[in-house]
Structures are given as C-alpha cells and as structure tokens.
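Comments concern the structure below.
The values are calculated or read from the model by the stated rules, or taken from the named source; none is laboratory data. Fair warning: this is a prediction, and the values are worked out from it, not measured in the lab. Cβ coordinates were reconstructed from backbone atoms using ideal geometry, including for glycine residues, and neighbour counts include every protein chain displayed.
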Amino acid sequence: MAAGKEIRGKIKSVENTKKITKAMEMVAASKMRKAQERMRAARPYSDKVRNIAANLGKANPEYTHPFMKLNDAKVAGFIVVTTDKGLCGGMNTNVLRAVTGKLREAQAAGVESHAVAIGNKGLGFLNRIGAKVVSHVTQLGDTPHLDKLIGPVKVLLDAYAEGKVNAVYLSYTRFINTMKQEPVIEQLLPLSAAKLQADA
C-alpha cells in the first residue's frame, strides 16, 4: 500500500511539473513572438536611417562629419551586445567568440581595445578576459529604452570624434529564425559614404 501511495504521489508530482513547464513554454512563446514583431518593426527604420545618411553624404560631398574623418589613434572601440541571462543556446557564446577573435587581431596589430558592454553576459566575459571596459549597461529587460543606451555608447562615439579611437565596431547576434542566429561584427565608425550608399 505504501509503495502504491508513493507511486501515485510521484505521478501527481510529475503532472504538476508538466503543467508548470507548459505554462512557462506558453509565456516564453508569447515573449518570443512579441520580440520578433518589435524586431521586424525596427528593421525598416534602420534601413531608412542608412538611406537618409547616404543621401546627405551625396548632397553635400565637401562637408565631412567628424564620424567620417580618419585618424591614426592606436585604439579600437567595441560595442558588445549580449543578453543579461543565459539559457539561450550558443547565442552569447558565438558572438563572444567572434569578439575574442577581433580583440586578438587588434592586439596583434598593436592596437589597444576599449569595450562597451551591453548585457550582463558580455560584461562578465570582458572582465574575465581582462578587456578594458570603459562603460556598460545591464538589466535592460525585454524592451530596452534608448535613454539607458545612449550614455554608455556615447563614451566611444565621443572618443572617436575627439580622435582618441580610430574605429568603432558593433558586435551582436543577427536573428534569422528561432533555430538560427548568426554573430555579426560590423564597423560603425568611421562612416564610409560609399558603404552607406551601397547599403541604402
């Protein structure tokens, strides 16, 4: 009798766990769907900004914005975007591996690296490998606010405008679908009029 009661208790426990897991799955699916919708809504805005920048570059070719000027500073800036939490497969691992490769390239070329960490995982990783983190922001949640991002990122943008940094790179994970995300490292600064026109 005791064994039967124990088995029934375990069955009930498994059923309760199944209900909780199902509820968590539904919440996660809902959050994922909303995140995808926000991402799709933001992409046309990003494309339009590039288009406007390209048109401005063509309209007044004799004007050179500070972000388009080259300098010979021996410092490169990296904006590293990761999540605050784990349990997301290789998403953080892949982008941080790509960043590590880029940092090694810079070091081999005698270029110092300064980093801005967006997300707790990236911040922890950069601190562990001894990278110079000049600014960071974490705990942005599911809907990051621009006012929290501007300050940390502006540290590198200002350094570039002042000629203290010779290039700024953005590293992030590009979402393809739920099964595939690819790490990306793209150069933000210096801006290239030709590249802007090609992207537009």
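Before moving on, here are some points about what is shown:
- Residues that are closer than 20 Å to T82 by Cβ and either basic (K, R) or exposed (fewer than 14 other Cβ atoms within 10 Å of the Cβ) (or both) within segment 158-183 comprise R174, I176, N177, T178, M179, K180, E182, listed in sequence order.
- Meets criteria (in contact (Cβ under 8 Å) with a residue 24 or more places away in the chain and not assigned by TED's automatic domain parsing to the domain that holds L188) for M26: no
- Residue within segment 142-157 that is more than 28 Å from H65 (Cβ to Cβ), crowded, with 17+ Cβ neighbours inside 10 Å and in the same structural domain as F78 (by TED's automatic domain parsing) present: no
- Here D47 fulfils each of the conditions (1) within 30 Å of G163 (Cα to Cα); (2) at pLDDT 75 or above; (3) not assigned by TED's automatic domain parsing to the domain that holds L189 apart from (2).
- Of the helices (runs of 4 or more DSSP H) lying entirely inside segment 94-200, those carrying at least 3 residues that are of a type outside the set (G, A, S) and under 14 Å from the mean Cα position of the chain (by Cα) are 120-128, 146-161.
- Test for D142: is it among the acidic types (D, E) and under 29 Å from M39 (Cβ atoms): yes
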